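**Q** Would you mind keeping the following structure in view while I ask a few things?
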């Protein structure tokens with residue numbers, strides 16, 4: 001019988017696309033730190049020792065975009081000139097202008113409308129303590145551990161990727177870990193077999209144990225399967241803001257509306273409404289109303305209220321999906337202004353999301369489960 005497998009991937013903050021995300025979000029934070037009402041849509045491209053910053057930024061803040069970018073690159077760990085991309089020598093160009101007056105008209109404080117049309121999804125399930133899908137949580141945890149190791153030893157470099165395949169039974173319960181893939185950039189003199197041993201012992205084994213699994217029970221493990229990974233980062237592959245939208249969310253386990261997060265201020269519902277959808281889904285699961293939930297929101301540009309709200313509990317709900325949708329509408333203000341207030345989003349909190357992940361991170365406001373008791377009470381269970 002064919003196994004029921006699901007795979008998710010993740011990348012480290014040194015992956016070229018994540019370098020771009022980190023720069024865009026660092027600039028967003030720098031603007032918000034001085035002017036909480038900044039309107040920011042910042043896009044970044046990085047390649048061999050070159051970075052271009054562009055987009056639309058309207059702010060009262062005085063920000064040296066190039067200096068912010070260099071510091072973001074330095075924090076990631078690109079500090080070696082021989083790697084073809086480093087904080088001190090990278091050439092940086094800025095092509096930034098202000099937000100379109102037409103867009104601003106529909107999102108000002110008087111109108112309070114959404115910054116664009118689109119649909120956003122949030123999900124939660126009982127597979128992990130953080131109420132995230134296990135494949136996504138494991139691949140994220142492996143990347144986080146890789147990043148720690150990059151700063152613990154000078155043998156590794158920041159660019160890396162992970163992938164985890166989980167086996168499920170017919171009821172959707174986790175059976176075990178089928179495959180783990182890890183690729184990490186390294187110094188040229190770090191022999192491949194020594195690297196593979198290091199990653200098995202210092203990355204894969206401890207992360208699996210944290211989630212209750214043992215490396216000996218994993219059917220397939222691939223570590224740097226092509227061999228050497230010396231040429232990496234933006235020197236090996238061009239990076240762009242917003243190209244890791246599945247990594248940024250649920251690893252493909254739940255739906256995605258297509259909008260990226262990084263570099264966008266919270267008036268952009270691509271970001272803020274996706275955070276709100278996660279918040280609502282997590283609270284429904286935390287309340288015990290379902291074992292797995294996906295929430296969809298959709299907006300029209302310049303219109304405050306969502307055009308649709310939908311809950312799908314995949315048949316796991318203790319009340320109907322329609323009832324859960326009604327409960328969310330009763331307890332949550334889903335206008336962009338309401339979301340910003342509830343989640344306190346006009347703060348410089350975004351650089352860490354580009355590096356560490358947007359969901360399943362306990363210190364974020366949209367990860368709190370404060371309305372779960374109220375939802376449970378209203379549901380009468």
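Here, each number is a calculation from the coordinates, and none is a lab measurement. A quick note: this is a predicted structure, and the numbers were derived from the prediction, not measured. Note: ideal-geometry Cβ built from the backbone for every residue, glycine included; neighbour counts use all protein chains shown.
**Q** In what order do 318, 3 fall by count of nearby beta-carbon atoms within 10 Å, going from fewest to most? Intermediate results must be reported in sequence, preceding the final value.
**A** Numbers: 318 16, 3 12.
Ascending Cβ contact count within 10 Å gives the list 3, 318.
**Q** Does the range 108-196 come out rounded, prolate or oblate by the C-alpha gyration tensor, with a ≥ b ≥ c the root eigenvalues, rounded set by a/c under 1.5 and, if not, prolate when a/b is larger than b/c and oblate if not?
**A** On the way: a/c = 3.30, a/b = 1.41, b/c = 2.34.
Oblate, because a/c is 1.5 or more while a/b does not exceed b/c.
**Q** Can you tell me how much longer the chain between residue 322 and residue 4 gets when fully stretched, taken as 0.36 nm per residue apart minus their C-alpha distance, in nm with one decimal? Present the calculation step by step, with values, prior to reporting the outcome.
**A** Values: separation 318, 0.36 × 318 = 114.48 nm, distance 2.95 nm.
Full extension from residue 322 to residue 4 adds 111.5 nm.
**Q** Moving on. Work out how much length residue 329 to residue 308 would gain on full extension: take 0.36 nm times their residue separation and subtract the Cα-Cα distance, in nm to one decimal.
**A** On the way: separation 21, 0.36 × 21 = 7.56 nm, distance 1.06 nm.
Here the answer is 6.5 nm.
**Q** Computed over the Cα atoms, what is the radius of gyration of the range 227-350 divided by 2.2 N^0.38 Å, N being its residue count? Write out the running numbers ahead of the final one.
**A** Working: Rg = 17.1 Å, N = 124, 2.2 N^0.38 = 13.7 Å.
So the Cα radius of gyration is 1.24 times the expected 2.2 N^0.38 Å.
**Q** Taking other Cβ within 10 Å of each residue's Cβ, how do 38, 365, 183 sort, fewest first?
**A** Values: 38 24, 365 14, 183 21.
Ascending number of Cβ neighbours within 10 Å: 365, 183, 38.
**Q** Could I have the simple spin-label model distance between residue 37 and residue 171, label points 7 Å from Cα toward Cβ, reported in nm to one decimal?
**A** Once both label points are built, they end up 5.5 nm from each other.
**Q** Okay, moving on. Taking the Cα-to-Cβ direction at residue 231 and at residue 80 and moving 7 Å from each Cα, how far apart do the two end points lie in nm?
**A** That separation, rounded to one decimal, is 1.6 nm.
**Q** Hey, another quick one. Quote to one decimal, in nm, the extra length available between residue 356 and residue 301 on full extension: 0.36 nm per residue of separation minus the C-alpha distance between them. Could the numbers behind the result be given before it?
**A** Numbers: separation 55, 0.36 × 55 = 19.80 nm, distance 2.99 nm.
Extra length from residue 356 to residue 301 when fully extended: 16.8 nm.
**Q** Taking the Cα-to-Cβ direction at residue 217 and at residue 193 and moving 7 Å from each Cα, how far apart do the two end points lie in nm?
**A** Going from the residue 217 label point to the residue 193 one covers 3.0 nm.
**Q** Now for a different question. Looking at the chain as a GNM with Cα springs under 10 Å, which of 248, 178, 29 has the largest mean-square fluctuation?
**A** 178
**Q** Counting just the Cα atoms, what span does the range 20-155 cover along each of its three principal axes? Round to the nearest Å and put the largest first.
**A** 53, 46, 24
**Q** Rounded, prolate or oblate: which fits the chain, taking a ≥ b ≥ c as square roots of the Cα gyration tensor eigenvalues, rounded meaning a/c under 1.5, else prolate when a/b beats b/c? It would help to have the intermediate numbers written out before the result.
**A** Values: a/c = 2.41, a/b = 1.10, b/c = 2.19.
The shape class here is oblate.
**Q** For the range 177-248, what's the radius of gyration and Dmax over Cα atoms, in angstrom?
**A** 14.3, 38
**Q** While we're looking at this one, here's another question. Divide by every residue of the chain the summed helix terms, -39500 (n - 2.57) for each DSSP H run of at least 4, and state the resulting mean residue ellipticity at 222 nm, rounded to the nearest 500 deg cm²/dmol.
**A** Numbers: 11 runs with 122 residues, N = 381.
That calculation yields -9500 deg cm²/dmol at 222 nm.
**Q** Rounded to the nearest 0.05, what FRET efficiency is calculated for residue 154 and residue 50 with R0 set to 30 Å and r the Cβ-Cβ distance? Display every interim value, and only then the final one.
**A** Details: r = 25 Å, r/R0 = 0.83.
The value I calculate is 0.75.
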